Amino acid sequence: MLRRSFLAALAATALAAGSVPAAAQETVKIGLIIPLTGPFTTTGKQLEAAARLYMQQNGTTVAGKKIELIVRDDAGRAENTARIAGELIQNDKVSFLAGFGLTPLAMATAPIATNSKIPMVVMMAGTSIITERSPYIVRTSFTLGQSAVIIADWAAQNKIKKVVTLVTDYAPGHDAEKSFVDQFKSKGGETVESLRVPIQNPDFAPFLQRVLDAKPDALYVFTPSGVGAILMKQFVERGLDKSGIRLIGPGDITDDDVLPGFGDAAIGVVTAHNYSTDHPSAKNKEYVAAFKKANPGMRPNFASVGGYDGIHLIYEALKKTGGKTDGDALLTAMKGHKWESPRGPISIDPETRDIVQTIYIRRVEKKNGELYNVEFASFPDVKDPVKAQKK
Ligand code: DHB
């Protein structure tokens with residue numbers, strides 16, 4: 001009896017003070033679905049590390065709500081991603097779906113976001129069409145077209161006339177190929193061959209032999225994050241590093257996560273991308289230091305900033321809605337949001353819900369004994385060129 005009246009008094013005091021007792025504080029859950037096993041584990045690890053870092057730095061209370069991150073492994077398999085998304089909505093009552101380390105994983109989940117009206121934050125997958133698959137999708141990563149067009153222009157301006165393209169054979173590879181080939185052609189360049197390598201157990205060796213025979217000025221390559229390590233090894237084994245054929249591409253091939261293991265043959269590889277560990281802003285220096293401190297032995301790559309910025313966008317949207325988790329209100333809050341990321345200034349295009357960001361051209365160089373993508377040119381406010389062309 002005594003205890004009950006004490007609790008009632010406590011609750012009354014809390015109400016009078018306009019605050020909610022801790023036990024009754026409502027929780028907003030974010031379901032982070034990422035590959036933590038299988039061939040794309042490094043992507044999942046980067047996304048999780050960055051999401052946790054953001055929450056550690058910014059606290060877990062937003063607009064009076066307690067934020068909880070639920071991390072689930074989809075092993076990079078689309079059927080898992082969609083099933084887990086359904087479970088997170090039904091059982092855990094999440095207010096956000098986030099992650100999506102590969103295009104097929106995002107595509108499989110898009111109808112679930114539409115039906116449930118739950119915001120789906122794509123933190124890694126890069127195929128243009130993803131954001132068109134649901135009005136509840138926003139993207140904090142990149143599209144392949146953003147980098148492909150910039151590196152095509154650079155190639156055309158730097159005595160590269162004849163190119164062979166080699167891409168992983170699935171949607172982002174097809175985007176990376178088409179955006180490059182079309183842009184390079186429009187600038188007078190010629191693509192003599194377009195090769196595609198399977199996504200499962202990729203073996204570049206037979207393709208690289210054909211590249212040697214075709215003798216292009218450059219080989220343009222897209223592989224998903226992490227796979228660049230296999231490509232680089234085979235590039236050297238086949239002697240392409242001594243052939244005078246330059247290696248270029250979107251920055252996925254010189255992924256900062258695996259670049260330190262590439263060896264000096266990678267020095268001079270030129271790519272275009274949205275993020276480099278070496279990006280020289282104060283914000284990024286702070287980010288890299290905090291990330292390394294929280295994750296010894298790892299360095300943050302472009303997946304990580306997609307995760308870090310994705311959680312930032314969720315926090316800011318909740319602040320704008322005053323903690324309301326209505327999907328339409330959250331989408332409205334996210335559209336047009338602008339902020340400074342470790343990668344530079346970024347925003348969410350209010351029309352397409354896709355990311356607008358600076359794309360940098362970078363050259364692999366050795367600094368203090370470690371390989372980095374060193375930026376030497378930048379192109380601000382780049383939108384997805386594939387969607388821009390459809391208009
Ligand atoms: C995708 C995955 C990657 O690891 C990457 O670097 C680019 C695109 C994708 O599946 O969309």
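Quick notes on this one:
- Residue that is assigned to a loop (DSSP other than H, G, I, E, B) and among the hydrophobic types (A, V, I, L, M, F, W, C), where the choices are I253, I199: I199
- Scanning segment 290-331 for residues that are under 18 Å from V94 (Cβ atoms), open to solvent by less than 10 Å² (accessible area, probe 1.4 Å) and either modelled with pLDDT under 95 or touching a strand residue (DSSP E or B) at 6+ places or on another chain (Cβ under 7 Å) (or both) yields a total of 6.
- Of the numbered criteria (1) surrounded by fewer than 24 Cβ atoms within 10 Å (Cβ to Cβ); (2) touching a helix residue (DSSP H, G or I) at 6+ places or on another chain (Cβ under 6 Å), the one E286 fails is (2).
- Residue satisfying condition, being touching a residue at least 24 places away in the same chain (Cβ under 8 Å), under 19 Å from A125 (Cα atoms) and open to solvent by 20 Å² or more (accessible area, probe 1.4 Å), within set T352, T358: T352
- Yes/no for L102 being crowded, with 23+ Cβ neighbours inside 10 Å and either in the same structural domain as I314 (by TED's automatic domain parsing) or within 21 Å of the chain's Cα centre (by Cα) (or both): yes
- Scanning segment 226-253 for residues that are surrounded by 24 or more Cβ atoms within 10 Å (Cβ to Cβ) and within 12 Å of the ligand (Cβ to nearest atom) yields G228, G249, P250, G251, D252, I253.
- Being part of a helix (DSSP H, G or I), within 16 Å of the ligand (Cβ to nearest atom) and either open to solvent by 10 Å² or more (accessible area, probe 1.4 Å) or not aromatic (F, W, Y) (or both) is a property that does not hold for P111.
- Enumeration of residues in segment 35-53 that are more than 16 Å from the ligand (Cβ to nearest atom) and surrounded by fewer than 21 Cβ atoms within 10 Å (Cβ to Cβ): R52
- Filtered by the rule that a residue be more than 16 Å from the ligand (Cβ to nearest atom) and either over 14 Å from V164 (Cα atoms) or surrounded by 13 or more Cβ atoms within 10 Å (Cβ to Cβ) (or both), segment 210-225 gives V211, L212, A214, P216, D217, A218, L219.
- Candidates in segment 161-179 are the residues that are hydrophobic (A, V, I, L, M, F, W, C) and open to solvent by less than 10 Å² (accessible area, probe 1.4 Å); of these, the one that is nearest to the ligand (Cβ to nearest atom) is A176.
The values are calculated or read from the model by the stated rules, or taken from the named source; none is laboratory data. The shown structure was predicted, so the numbers you read here are calculated from the model rather than taken from an experiment. Virtual Cβ from ideal backbone geometry, glycine too; neighbours counted across all protein chains shown. Areas reflect the complete protein model, heavy atoms only, side chains present, ligands, DNA and RNA absent. Shrake-Rupley method; radii C 1.70, N 1.55, O 1.52, S 1.80 Å.
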